[in-house]
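Written out below as structure tokens is the structure these notes cover.
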Amino acid sequence: MKTRHILISSLFMALAGSAMAQNAPTSGNAMGAAPAAPMSAASGTASAVPSNDPFVQKRQADADAKAQYKAQKKAAKEEYKADKKAAKAQLKQEKRESTAQRNEALAASPATRTDKTH
């Protein structure tokens with residue numbers, strides 16, 4: 001029942017969206033195309049030339065800081081993984097050596113009875 005409601009509501013939203021798109025005036029398309037061109041040109045020049053707007057400068061500085069933080073975090077994570085992998089390999093090697101020493105000691109010593117109650 002719940003999936004039916006979700007399906008019906010999503011279908012209704014899709015139909016409403018397509019109906020809104022069909023009702024757009026054709027003269028608005030010519031007007032709508034004109035503002036889109038300067039906007040794309042302005043966005044292209046904004047990335048090439050730094051803006052004097054303090055909000056844009058802050059946004060760019062924040063984006064640069066975020067990218068730098070992500071790069072440092074990724075490098076630290078890779079270093080941590082490498083250290084963890086090396087420590088795990090060392091632990092496994094120590095465990096193998098310890099097991100080998102124990103097995104040699106058991107093979108060299110005679111079998112003794114540990115339960116002396118009988």
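The values are calculated or read from the model by the stated rules, or taken from the named source; none is laboratory data. Because the structure is predicted, anything quoted here is derived from the model rather than measured. As a convention, Cβ positions derive from the backbone with ideal geometry for all residues, glycine included, and neighbour counts pool all protein chains shown.
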Legend entry - Residue tally, condition charged (D, E, K, R) and closer than 30 Å to PRO50 by Cα, over region 63-118: 5
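Quick test for you: out of ALA75, ALA16, ALA24, pick the one residue that is surrounded by 10 or more Cβ atoms within 10 Å (Cβ to Cβ) and modelled with pLDDT of 95 or more. If you could, list the steps in order and put the result at the bottom.
Values: ALA16 fails: modelled with pLDDT of 95 or more; ALA24 fails: modelled with pLDDT of 95 or more.
Only one candidate passes the filter, namely ALA75.
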